[in-house]
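Remarks on the structure that follows.
The values are calculated or read from the model by the stated rules, or taken from the named source; none is laboratory data. These numbers come from a predicted model, not from an experiment. No Cβ is skipped: glycine too gets one built from the backbone with ideal geometry, and neighbour counts run over all protein chains shown.
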């Protein structure tokens, strides 16, 4: 290897180059390492070019020595008669080791030790819990399949499948304690931002025919006729889960918030936050709950459910503002072809008195979101036009995004005909 200086005067670079032989037998050179800008390096040696070149040559010698050491041959002897022992595991999954480090930082071992102190069991509860965490992330499946998967890990389980099943009831009983301790310990890894809390519900179905315990018949989000359970989940401002709870499948989602929020306030010491949710969980009682102390809320509000006068006020294109300015804007005067206008979100607000609470309604307008919705609607209209030309035009629209809702059917009777004839066309008004 050797030192080379390339570039224009005033903008030169110092490289270590390597000579090598191509496949066709001819010799060439290539850049092996860049030492830096010539003028910058020269300043480090007080303008002494000789000292700079001596240093660069020594660096080239070091790289040559290191490169040659890498090329030293290693002899390896293999026996063609050797056999791999029968029934001996030689391949292991080690992808769980980074998860093991996180579990250790969350002090799950200490949590399990505290649980063990007031339970009578002899199995390794910590090993079962951490293994269930690994498999839920790496290979989510049933408990039986998870147990089998754990035997492929570098550290296979020493507990039995029956021990795993027994531990499930302990996990359910200690769920609140585990959540509380995990929240406290997680602050040592990543400071939790609990100024804003998001809440939502979902449900899970069971492939059973009859209700059992809290598995009840209810409104399934997957429209299945099976018994379900409801799960409510709080997340912090960073989207990291905070707390959850399980409820009977036939319970109104509105009623799930209060018990979990009380647990968050009492056990997690989170008493100052802004509660955010969709309209489905923004009932009056839930809004009232978060209107005390240092708690507030932001809930989506349906225009369709507003009173007529409120809706008309909300849809007026006047009195809008941009964040940080009190200048009033009429949306009709906007040049939405201007990139700055196109990417700005405009808003207006007015007070709303609803019984015992004084609330503020915020209406926003985004030209960019408007263009996005317009694109979707135009695509639906194109699909509706194609449906009119096909035999699918008689289908009724089933939802707010179904293109069949734009098809209008008109029954007419022509002169001399007894039977009515259906004419299908695009419903321009809709």
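Take residues that are farther than 30 Å from residue 265 by Cβ and tell me which of the helices (runs of 4 or more DSSP H) falling wholly in the range 281-361 contain 2 or more.
Of the helices (runs of 4 or more DSSP H) lying wholly inside the range 281-361, those with at least 2 residues that are farther than 30 Å from residue 265 by Cβ span 308-315, 339-342.
Suppose we filter the range 303-343 for residues that are surrounded by 10 or more Cβ atoms within 10 Å (Cβ to Cβ) and under 15 Å from residue 361 (Cβ atoms); how many remain?
Residues meeting the conditions: 12.
Got a number for residues in the range 100-124 being under 30 Å from the mean Cα position of the chain (by Cα) and either under 18 Å from residue 176 (Cβ atoms) or part of a loop (DSSP other than H, G, I, E, B) (or both)?
The qualifying residues number 6.
Identify the single condition in (1) within 26 Å of the chain's Cα centre (by Cα); (2) outside any helix (DSSP H, G or I); (3) buried (at least 18 other Cβ atoms within 10 Å of the Cβ) that residue 159 does not satisfy, given that it satisfies every other one.
The failed condition is (1).
In contact with a helix residue (DSSP H, G or I) (Cβ under 7 Å, 6 or more places away or on another chain) and either more than 19 Å from residue 171 (Cα to Cα) or in contact (Cβ under 8 Å) with a residue 12 or more places away in the chain (or both): which single residue out of 258, 216, 221 fits that description?
The conditions single out 258.
Which residue out of 293, 283 is assigned by TED's automatic domain parsing to the domain that holds residue 255, without any contact (Cβ under 8 Å) to a residue 60 or more places away in the chain and at positive phi?
293
Which one of these is over 30 Å from residue 288 (Cα atoms) and touching a strand residue (DSSP E or B) at 6+ places or on another chain (Cβ under 7 Å): 375, 385, 370?
385
What pairs can you find where one residue is in the range 407-430 and in the same structural domain as residue 388 (by TED's automatic domain parsing) and under 16 Å from residue 385 (Cα atoms), the other is at pLDDT below 75 and assigned to a loop (DSSP other than H, G, I, E, B), and their Cβ atoms are less than 8 Å apart, with a gap of 6+ or different chains?
Short answer, once both residue conditions are applied: 407/397.
Restricting the range 355-387 to residues that are surrounded by 11 or more Cβ atoms within 10 Å (Cβ to Cβ) and under 20 Å from residue 310 (Cβ atoms), which is farthest from the chain's Cα centre (by Cα)?
357
How many residues does the range 16-40 contain that are touching a helix residue (DSSP H, G or I) at 6+ places or on another chain (Cβ under 9 Å) and under 19 Å from residue 66 (Cα atoms)?
Residues meeting the conditions: 6.
Considering each of 91, 14 in turn, give the residue that is exposed (fewer than 11 other Cβ atoms within 10 Å of the Cβ) and at negative phi.
Among 91, 14, only 91 is exposed (fewer than 11 other Cβ atoms within 10 Å of the Cβ) and at negative phi.
For every residue, the table says whether it meets (1) part of a loop (DSSP other than H, G, I, E, B); (2) outside the structural domain of residue 258 (by TED's automatic domain parsing); (3) surrounded by fewer than 15 Cβ atoms within 10 Å (Cβ to Cβ).
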residue: 164; (1), (2), (3): no, yes, no
residue: 167; (1), (2), (3): no, yes, no
residue: 172; (1), (2), (3): no, yes, yes
residue: 177; (1), (2), (3): no, yes, yes
residue: 188; (1), (2), (3): no, yes, yes
residue: 202; (1), (2), (3): no, no, yes
residue: 220; (1), (2), (3): yes, no, no
residue: 225; (1), (2), (3): yes, no, yes
residue: 229; (1), (2), (3): no, no, no
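Of the residues 76, 86, which single one is at pLDDT below 85 and over 16 Å from residue 1 (Cβ atoms)?
On inspection, the qualifying residue turns out to be 76.
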